[in-house]
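Notes follow the structure.
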Amino acid sequence: MKLSTIHILFLVFAVLFWSSCNSGLKEGAEKEFGHLQINFSHNVQMDTFMYVNASGNPFLVSEIQYFISDVTLHKSNGDKVLLNAYDDIHYVDTDIIETLEYVLKDSIPVGEYSKVSFTFGINEEKNNPMIFVNPPESFMFWPIYLGGGFHYMKLNGKWLNKEDVTKVFNFHLGVGQEYDENRKIVSFHQNYFDVKLPNSSVLIKTDETSEIELVMNVHNWFTGPHDYDFNKWGGKIMQNQEAMKLGCENGKNVFSINKIEYKDIK
């Protein structure tokens, strides 16, 4: 029995369609993924006056709490992978051990990534008062009249002033304000900033978790490029944009990677 031209064309189309579908499935099935985990450490001994900053202020640190968000892996060719499919904002608290591990659930295409970056704090699009309603994150709220949302960081401690009197400091970073001559707020400053980690190339392997130890060099909050002086800025800076600006500019040099380990996904 002879096939008509229409039948032949139909068969050819069906074969091509089936081949295309199977090819797509095969390509999808061949894609390989791994995962990333960030472990936080802080190179400071708490609650002891054993440190002196670049301005000559003896100080101690009692607690550190902060947010990082929008972790991004960069390829050497300029491509990048933003890890924001699940928990794109992570809270770190030196008093809560479980916050010192950040397991990113995103499936990351395998390969070598030349650099890791993240946002310190929370950008203005996400930083609204409703994203965290339960503690401990909710305790990081930033007053609405000062710009709202949440603190980027609370770094609390004490310093000795020029008279060797112990003073409390709350080195808090968040949305800044601009005031007029009557101390009325006329505008706000978004102080979150991007951190590009030095020497942070990482390999994402098939069915493995790449674990990064991210170290906060606490001393660098108070030096490089600016030497921060507690005697000048005082104990509270939430309403002092100039002081917060210095802290944020120093903060770009605070973090580094200590080590990277690779573990099979269980």
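Taking the criterion of being without any contact (Cβ under 8 Å) to a residue 12 or more places away in the chain, under 18 Å from Asn134 (Cα atoms) and either small (Gly, Ala, Ser) or not in a strand (DSSP E or B) (or both), would at least one residue in region 86-98 satisfy it?
Just the residues of region 86-98 that are without any contact (Cβ under 8 Å) to a residue 12 or more places away in the chain, to begin with: 97-98.
Adding the requirement that they be under 18 Å from Asn134 (Cα atoms) leaves 97-98.
With the extra rule that they be either small (Gly, Ala, Ser) or not in a strand (DSSP E or B) (or both), the set shrinks to 97-98.
Yes, the conditions are met somewhere in region 86-98.
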Qualifying residue in region 207-215 (condition: in the same structural domain as Val186 (by TED's automatic domain parsing), in a helix (DSSP H, G or I), over 23 Å from Val165 (Cβ atoms) and not aliphatic (A, V, I, L, M)): no
Return a yes/no flag: does region 181-194 have any residue that is touching a residue at least 40 places away in the same chain (Cβ under 8 Å), closer than 30 Å to Gly111 by Cα and either of a type outside the set (Ser, Thr, Tyr) or not assigned by TED's automatic domain parsing to the domain that holds Thr94 (or both). yes
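Here's a check for you: in region 52-76, which residue that is among the aliphatic types (A, V, I, L, M) and in a strand (DSSP E or B) is surrounded by the fewest Cβ atoms within 10 Å (Cβ to Cβ)?
We begin by selecting, within region 52-76, every residue among the aliphatic types (A, V, I, L, M); these are 52, 54, 60-61, 64, 68, 71, 73.
Right, trim to in a strand (DSSP E or B) and you get 52, 60-61, 64, 68, 71, 73.
On the way: Val52: 14, Leu60: 19, Val61: 22, Ile64: 22, Ile68: 24, Val71: 24, Leu73: 26.
Among those residues, the one meeting the criterion is Val52.
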Of Glu211, Glu181, the only residue that is farther than 17 Å from Gln65 by Cα and surrounded by fewer than 16 Cβ atoms within 10 Å (Cβ to Cβ) is Glu181
Being over 15 Å from Cys248 (Cβ atoms) and outside any helix (DSSP H, G or I) narrows it down to one residue among Pro198, Pro225; which is it? Pro198
Answer residue from region 107-130, given it is more than 16 Å from the chain's Cα centre (by Cα) and part of a loop (DSSP other than H, G, I, E, B) and is surrounded by the fewest Cβ atoms within 10 Å (Cβ to Cβ) among those: Met130
Restricting to region 257-266, name every residue that is outside any loop (DSSP other than H, G, I, E, B) and not basic (Lys, Arg). Ile257, Asn258, Ile260, Glu261, Tyr262, Asp264
Region 30-46 residues that are farther than 30 Å from Pro58 by Cα, paired with ones that are in a loop (DSSP other than H, G, I, E, B) and of a type in the set (Lys, Arg) (beta carbon under 8 Å, 6 or more apart): Gly34/Lys205
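Of all the residues that make up region 228-256, how many are assigned to a strand (DSSP E or B), farther than 20 Å from Val175 by Cβ and either at pLDDT below 95 or not hydrophobic (A, V, I, L, M, F, W, C) (or both)?
Kept after step one, since they are assigned to a strand (DSSP E or B), are these residues of region 228-256: 236, 255-256.
Still in the list and also farther than 20 Å from Val175 by Cβ: 255-256.
Keeping just the survivors that are either at pLDDT below 95 or not hydrophobic (A, V, I, L, M, F, W, C) (or both) gives 256.
Qualifying residue count, region 228-256: 1.
The values are calculated or read from the model by the stated rules, or taken from the named source; none is laboratory data. In this text the structure is predicted, and so the values were computed from the model without any measurement. Don't worry about glycine lacking a Cβ; one is built from the backbone with ideal geometry, like all the others, and counts go over all protein chains shown.
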